[in-house]
1. Does the stretch 55-72 contain at least one residue that is touching a His at 6+ places or on another chain (Cβ under 8 Å), in a helix (DSSP H, G or I) and surrounded by 13 or more Cβ atoms within 10 Å (Cβ to Cβ)?
2. If I filter the stretch 10-54 down to residues being polar (S, T, N, Q) and assigned to a strand (DSSP E or B), which single residue comes out as surrounded by the fewest Cβ atoms within 10 Å (Cβ to Cβ)?
3. Look through the stretch 73-100, keep the residues that are in a loop (DSSP other than H, G, I, E, B) and open to solvent by 70 Å² or more (accessible area, probe 1.4 Å), and return whichever of them is farthest from Gly10 (Cα to Cα).
4. If a residue must be within 17 Å of the chain's Cα centre (by Cα) and of a type outside the set (S, T, N, Q), how many such residues does the stretch 38-63 contain?
Amino acid sequence: MPTYLITYHGGGGPPASAEAREQMMAAFGAWAASVGDHMIDPGAPLGAAKTVSPEGVSDSGPGGYSLISADDLDAAAGLVKNHPFVGRGGSLQVSEAVAP
């Protein structure tokens, strides 16, 4: 079964209050549980990033990642369509890891 990299974009960053962070983590935990055996690595938030391109260097990048397995790209996208990060205004990019 192929592996898919889920990268998190936007979403406004983590909530300021401890209670809101706990709710966010509980929602993520519920989503991760719903994915079941498809979860390879729940991932982690990412810190500062630099994107290097022919135009130069910019301060941008994904805010986090997860790894899941699925039969195909559509199935992988289906596994993340109800992700709580999307509900907070963020977007998720689903990319297939291609074996050499």
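The values are calculated or read from the model by the stated rules, or taken from the named source; none is laboratory data. Since the structure is predicted, the reported quantities are computational estimates derived from the model, not experimental observations. Cβ: placed from backbone, ideal geometry, glycine included. Neighbour counts: every protein chain shown. Areas reflect the complete protein model, heavy atoms only, side chains present, ligands, DNA and RNA absent. Shrake-Rupley method; radii C 1.70, N 1.55, O 1.52, S 1.80 Å.
1. Initially, the stretch 55-72 is screened for residues touching a His at 6+ places or on another chain (Cβ under 8 Å), giving 62-63, 68-70.
Filter once more, so that each one left must be in a helix (DSSP H, G or I): none.
Taking every residue of the stretch 55-72 in turn, none turns out to be touching a His at 6+ places or on another chain (Cβ under 8 Å), in a helix (DSSP H, G or I) and surrounded by 13 or more Cβ atoms within 10 Å (Cβ to Cβ).
2. Ser53
3. Once the filter is applied, the top-ranked residue is Pro100.
4. Looking only at that region, the number is 15.
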